[in-house]
Amino acid sequence: MRCLSEETKERIVHFVDTYYADNGYTPTIAEIAAGIRMSDATVHKYLHRMNDAGELYFDGRHIITHRIAEVQEDRTAQISGDIACGAPIYAEQQYGERIVLPDGITKSGEHFILRASGHSMINAGIDDGDLVVIRKQNYADKGEIIAALVDGDSATLKTYYRDDENKKIVLRAENDDKKNYPDIIRREVRVMGVAVYVMKKL
């Protein structure tokens, strides 16, 4: 197979793009072969040659066309560091890998991801090491879980409440052990964003 058929390449890319749009993941080589009525071996060779030519990405298992790459870029957020689920920690951005977000989340604004550190939010289903997707905004409503800066440069993840009578903000720890995980009460905090999704390792 010295010369690749442009028509076949277009059929492969079209099939992969359509399959991804319908299912949220890319097809197997066998599914592509069945879909365009070619042998598995021929599809495999095409994918490798197209990868070498920069026409798509194929590592022997994963297939990413240019269209899929654009879609995935729009659906990703970057891990920006750790955030305390306990005593506030110094807020230092440590940009890392980008993670593909679940469908529907990216339609609601700009997002970033923080890795939970500690146990103060376990009653809210957020455990140590979880990845928490934060929608970037500088305000919050009562009862929302927020990423906040406390005392200028310390970051924490807590449930947001206002004590209007005393003109203070309460950042509530979602843990029954209040001795080790007390609420944080301040006159001012800086809201970095609202938690909208938690990703866990099983």
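Below, the figures for the structure above:
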{"item": "Residue that is farthest from the chain's Cα centre (by Cα) [pool: residues in the stretch 143-179 that are β-branched (Val, Ile, Thr) and closer than 15 Å to residue 83 by Cα]", "result": "150"}
{"item": "Selection count where residues are outside any strand (DSSP E or B) and under 24 Å from residue 110 (Cβ atoms), scope the stretch 150-179", "result": "2"}
{"item": "Unique residue being under 25 Å from residue 113 (Cβ atoms) and assigned to a helix (DSSP H, G or I) when the list is 34, 41, 77, 69", "result": "69"}
{"item": "Any hit, the stretch 180-190, residues being under 29 Å from the mean Cα position of the chain (by Cα), in contact (Cβ under 8 Å) with a residue 40 or more places away in the chain and not in a strand (DSSP E or B)", "result": "yes"}
{"item": "Which numbered condition residue 120 fails, given (1) at pLDDT below 90; (2) over 30 Å from residue 17 (Cβ atoms); (3) assigned to a loop (DSSP other than H, G, I, E, B)", "result": "(1)"}
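The values are calculated or read from the model by the stated rules, or taken from the named source; none is laboratory data. Because the structure is predicted, anything quoted here is derived from the model rather than measured. Here the Cβ is made from the backbone with ideal geometry for all residues, glycine too, and neighbour counts use every protein chain on show.
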